[in-house]
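Some notes on the structure that comes next.
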Amino acid sequence: MKVQELRIGNYVIDNLEICQVIQIESNGNVMTTCKSKFPISHINELQSVELTEDLLLKCGFESKYFGIKTFYNPLMELDHDFYLMGVDYGVKIKHLHQLQNLYFVLTGKELEIKLPLL
């Protein structure tokens with residue numbers, strides 16, 4: 001993961017715990033909401049949260065069937081492999097922070113996620 005990919009509010013995995021980013025420093029240090037260890041980690045210690053069907057549902061997407069299974073949100077639609085539909089079929093959303101960032105760019109608002117994630 002690159003520090004340029006992260007925004008405050010993104011969810012990441014830090015020490016096997018899903019945490020929210022609350023501060024990003026230019027040296028690559030990232031402060032998270034993790035409780036299991038000191039809350040400052042280097043970007044190289046963080047992992048992305050893999051996007052799953054369950055996570056999409058917690059982000060307000062609906063599961064629909066239009067010949068294939070899709071995940072629908074009034075703003076965007078993903079196919080069963082999490083590729084964006086209707087824009088560019090080569091864009092795959094692999095991680096939760098990517099979905100959060102895309103949603104923010106398109107709407108100027110944070111993606112609402114029903115917690116807990118797991």
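Round to the nearest 0.05 the FRET efficiency obtained for residue 52 and residue 5 when R0 = 25 Å and r is the Cβ-Cβ distance. E between residue 52 and residue 5, to the nearest 0.05, is 0.85. In a fully extended conformation the segment linking residue 63 and residue 33 would gain 7.8 nm over its present Cα-Cα distance, using 0.36 nm per residue. Computed in the context of the full set of protein chains, the accessible area of the chain at 1.4 Å probe radius has 54% of its extent on carbon or sulfur.
Taking each of 35/92; 2/35; 2/69; 2/64; 2/92 in turn, the alpha-carbon distance tops 27 angstrom for 35/92; 2/69; 2/64. Taking region 42-56 and a reference point 7 angstrom along Cα→Cβ of residue 75, the backbone N atoms nearer than 16 Å belong to 56. Amide H contacts for residue 10 (H built 1.01 Å from N in the peptide plane; partners 5 or more residues away or on another chain; cut-off under 5 Å): 21. In the chain, the calculated helix contribution to ellipticity at 222 nm averages -4500 deg cm²/dmol per residue, counting -39,500 (n - 2.57) for every DSSP H run with n ≥ 4.
Packing, as the average of other Cβ atoms within 10 Å across residues, places the peptides 94-103, 58-67 in the order 94-103, 58-67, highest first. Stretching the chain fully between residue 83 and residue 112 yields a gain of 8.4 nm (0.36 nm per residue, less the alpha carbon separation). Compared with the dominant principal axis of the Cα atoms in the chain, helix 96-107 is inclined by about 70°.
A cysteine counts as unpartnered when no other cysteine's C-beta lies under 4.7 Å of its own; in the chain this applies to 59. Once C-alpha pairs closer than 8 Å and six or more residues apart are averaged by separation and normalised to the residue number of the chain, the relative contact order reads 20 percent.
The values are calculated or read from the model by the stated rules, or taken from the named source; none is laboratory data. Computed from a predicted structure; not experimentally measured. Positions of Cβ are backbone-derived with ideal geometry, glycine not excepted, and every protein chain shown enters the neighbour counts. Protein only, heavy atoms only, side chains kept; ligands, DNA and RNA dropped before computing areas. Shrake-Rupley method; radii C 1.70, N 1.55, O 1.52, S 1.80 Å.
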